[in-house]
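> Just passing along the structure, written as structure tokens.
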Amino acid sequence: MKPLVSPSILSANFANLEDDIIMLNKSEADLIHVDVMDGVFVPNISFGFPIIAAVKNFAKKPLDVHLMIVNPDRYLKEFKECGANIITVQYEACTHLHRTIQQIKELGCKASVAVNPHTPVMLLKDVLIDLDMVLIMSVNPGFGGQKFIEHTYTKIRELRNMANELNPALWIEVDGGVSTHNSLALLKAGANVLVSGSAIFGSIDPLHTIAELKNITPD
Ligand code: DX5
Ligand code: ZN
């Protein structure tokens, strides 16, 4: 099975976002990954509702919105209204995670939870049945262009084993330091959604890099 590819526009050209969205529309990408950072949960601030709504205006692919913010419950409705199709909240930012997941689903979005590198995937066991996707952070969130953390492979394998029992349809997304160099190993470990920012937008031919990520398969 081919993976889903979700290019992260954190590494796009913000002065001319329209051109990059048009490129993604033409590409083999399946989703568009949108990183929202609040300067509290992570030591960086990215963008908010007006930019996401502007992206949605041009995007022909579903928006995969990754919320690196505290208290995400306060803003779920607004993220839906500005165009989110998948909403990912960080495990570490949610006190009542079960409730947050139900709220995302009630809005009609796919529900996803991200775990930081230090958070064991076992902590998701009791909500796994409710989730469409789990995002495994393979860097500490906050910035594009960081080095991939090798322990991620073990976490993906553990999560895939747990999902085989509890929710076989679960998508496993990997985010941080993903490139054509490690994508095959990530898929072999059990991931099936690849987020990639700097490796795509920093390449000479982003369309080609997306096609490579899409077409490197384990079989
Ligand atoms: C990091 C973000 C990532 C980031 C990935 O906190 O969640 O989505 O854009 O960028 P690369 O692929 O450059 O590591
Ligand atoms: Zn992300």
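The values are calculated or read from the model by the stated rules, or taken from the named source; none is laboratory data. From a predicted model like this one, the values you see are computed outputs, not experimental measurements. Using ideal geometry, Cβ is built from the backbone for each residue, glycine included, and neighbour counts are taken over all protein chains shown.
> When region 133-153 is examined, which residues are found to be near ligand 1 (Cβ under 8 Å from one of its atoms), more than 17 Å from residue 192 (Cα to Cα) and among the aliphatic types (A, V, I, L, M)?
Answer for region 133-153, where residues must be near ligand 1 (Cβ under 8 Å from one of its atoms), more than 17 Å from residue 192 (Cα to Cα) and among the aliphatic types (A, V, I, L, M): just 139.
> Among 46, 27, 11, 6, which is the only one that is without any contact (Cβ under 8 Å) to a residue 40 or more places away in the chain and of a type in the set (Ser, Thr, Tyr)?
Unique residue meeting the criteria: 46.
> When region 165-205 is examined, which residues are found to be among the acidic types (Asp, Glu) and outside any loop (DSSP other than H, G, I, E, B)?
165, 173, 175
> Name the one entry in 173, 106, 150 that is over 24 Å from residue 69 (Cα atoms) and not polar (S, T, N, Q).
Only one candidate passes the filter, namely 150.
> Now a separate question. Scan region 150-175 for residues that are crowded, with 17+ Cβ neighbours inside 10 Å and under 23 Å from residue 11 (Cα atoms) and jot them down.
Of everything in region 150-175, those that are crowded, with 17+ Cβ neighbours inside 10 Å and under 23 Å from residue 11 (Cα atoms) turn out to be 152, 172, 173, 174, 175.
> Mind checking which residues of region 47-61 are buried (at least 20 other Cβ atoms within 10 Å of the Cβ) and within 14 Å of ligand 2 (Cβ to nearest atom)?
The one that is buried (at least 20 other Cβ atoms within 10 Å of the Cβ) and within 14 Å of ligand 2 (Cβ to nearest atom): 52.
> Also: Would you check if residue 91 is over 24 Å from residue 162 (Cβ atoms) and either of a type outside the set (Gly, Ala, Ser) or modelled with pLDDT under 95 (or both)?
The answer is no for residue 91.
> Do we find a residue being over 30 Å from residue 212 (Cβ atoms), surrounded by 19 or more Cβ atoms within 10 Å (Cβ to Cβ) and within 16 Å of ligand 1 (Cβ to nearest atom) anywhere in region 31-46?
Yes.
> With 108, 83 as the choices, which residue is at pLDDT 95 or above, in contact with a helix residue (DSSP H, G or I) (Cβ under 9 Å, 6 or more places away or on another chain) and within 14 Å of residue 35 (Cα to Cα)?
Criteria check complete, one pass: 83.
> Still on this structure: Please state which of the following conditions residue 19 fails to meet, knowing it meets all the rest: (1) closer than 27 Å to residue 208 by Cβ; (2) touching a residue at least 40 places away in the same chain (Cβ under 8 Å).
Result: residue 19 passes all but (2).
> Among the residues of region 107-151, what is the count of those that are under 12 Å from the mean Cα position of the chain (by Cα) and under 20 Å from residue 42 (Cα atoms)?
Going through region 107-151 one residue at a time, the tally reaches 10.
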